[in-house]
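Notes for the one structure printed next.
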Amino acid sequence: MANADPVNLEMVNKNKNRTATEMVNLEDNEPQQLKPKIYPKGWKLHALTAGLCLSLLLSTLETTIVSTSLVSMVNEFQGFGQAGWVATAYFLTYTGFLVIYAKFSDIFGTKVLILGAITLFAVFSIACGVSNNMLQLVIYRSIQGIGGSGIYSLVTVMTPLMVPPAKYPTYIAIISSIFAISSVLGPLLGGFISDHTTWRWVFWLNGPGGALAIFLISISIPFNFPYPAGPSRFFSTFVSQKAWSRVDFLGAFASLATSILLVFALEQAGVEHPWNSAAVIASFVLSAVFWVVFVGWERSLSNRGSICEPIFPWRLACNRFVLGLLLNAFLTGFPFMAAIITIPQRFQVVNGTTAINAGIRMLPLLLCSPIATVVASLLLSNLRVPPLYVLLVGCSVQTLGVGLFSSLDPSSLDVPSFQYVYQVIMGCGFGLSLSTVLMMVPLVVKHGDMAVTMGAATQIRVLGGTIGLAISSALLSNHVTSQTAGFLTSAEQAALLKTSQSIRQLSSELQVSVREIYAAGYNQQMRVMLYFCVASLTSLVLLVEWPPRRLQTSDDGEIAVP
């Protein structure tokens, strides 16, 4: 050791601090990985942004566009009993693969994975459009969801890689606005297609849209993105034994099983199966078992230091800032999804508006959310306001908005003008909170952990929203059932819970009573969501430090902290 080369000793000391991913990348393509990242500029940046936004819009539309065209599908196939699976099949795989795609992008590259995800999504969208029966449609929808999940996850992962750190908040704001647009456009577009043409165009539209997104992304970045163009690893990576040895198959399976079983139980409980049914209970139990397996395996694999890389490295689970961001995203997902889905329902059921009218009346919330996202990006990047402060304001504002909305008078069947003010408050809170969580990720993890942390934040927010919707649905069903038991028959109650359109079949006096009961039920939903808003505000305790972290750029162009 006394005669050891000092240069080699220096390299050994540097490598001690590298993650397993970075070490393998250096071994596979050392000259390239040592070069700085090259950001696309000019028309390439615009083409990449357009391609990512278009693909994200298509994938997020599929979570809502089916809702208003489902009746047409069911009538053609005469498969009413399987109707719920058309939406559930997509959502199961859409949720389950988010973090898996994010981790795999570290191994196989982002460009090849997102092109594969868009292709899978587009091909099976067309397959959904040519389905001949409900079984085919459900199967194709589940595979379509795998592609949609990859789009959602990889767009989030690629955003901080496509621009310098100073522009990152701005582009997160652009990407975040797509969610608000799809929330409005989905039900309206689905209803328009069903009224004026065949429901199959709900899926066929993704074909040309997906092809355009593939073209834009293909011409804008190299396969080695975000590093300079060089010898492509497109084929060599997929046939490399070293690359596949890095894949955590057991962790991926356990993560997927945990998410799918949990989402299945929440989606089906109280709809297809009672909450105390064997199918629902078994799904919850198995999800918990796989969660324990996932946590235990990831911790064991992280401590081994082997070439196989855990889906979620244990060092992230020990990072209180990562846990704080994930917990905040999870808890904010509850009221966000509940508001997006239940407020339009309230307009239609309680106030008697059409689906299109309900979407228009949601514009204050859905437009203020992306505006608040832009404001958050300006505060963080231009004024260098600590993200913690923005999160504090965002969580406080969304708590105020949800609380005010829960106080609407259930005896009034007219749409009060001040509820639009409440929507503005909620939209501002959601926009500040959800986008800032993603903007803060580069401040709390190293570059090698950014992809999986982004994927985890995205997946856990969707899971929180799913749980929030399940809770909201159960609360409303129980409230309506208990309050209408005294003056409706069991048949009328069953029809009412199956579709709110059955209200119109009641007498005018009963319609007023039922609408008031629904209004009180929606208020109850929002009061419960208020508790989760308070919990999300409390979760920020995990992010408190002094001085608080803020975005700034180091000499090498990366985001740094003081």
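For N75, project a label point 7 Å along Cα to C-beta. Then give me every residue of the stretch 190-207 with its amide nitrogen under 14 Å of that point. Hits in the stretch 190-207 for N75 at 14 Å: 191-200. When the P(r) of the stretch 377-422 is calculated, the portion above 18 Å amounts to 48% of the C-alpha pairs.
Starting from 0.36 nm per residue, how many nanometres of slack lie between S417 and V534 once their C-alpha separation is accounted for? Working it through step by step, the gained length comes to 39.5 nm. With the cut-off at under 11 Å, measuring from each backbone N in the stretch 418-448 to a point 7 Å along the Cα-to-Cβ line of K37 picks out 442, 447-448. Label zone of F192 (point 7 Å out along Cα→Cβ, amide N under 13 Å): in the stretch 336-374 this covers 356-357, 360. In terms of the mean number of neighbouring beta-carbon atoms within 10 Å, the peptides 245-256, 138-149 order highest first as 138-149, 245-256.
In this calculation the C-beta distance from N133 to A317 is compared with R0 = 60 Å, giving a FRET efficiency of 0.85.
Per-residue ellipticity at 222 nm for the chain, helices alone: DSSP H runs ≥ 4 residues times -39500 (n - 2.57), over residue total, nearest 500 deg cm²/dmol? Don't skip to the end; give the middle numbers.
Details: 24 runs with 413 residues, N = 562.
Value at 222 nm, helices only: -24500 deg cm²/dmol.
Bear in mind that the values in this text are calculations on the coordinates, not laboratory data. On a predicted model such as this, the values are computed, not experimentally measured, just so you know. Cβ sites come from the backbone with ideal geometry, for glycine too, and all protein chains shown count toward neighbours.
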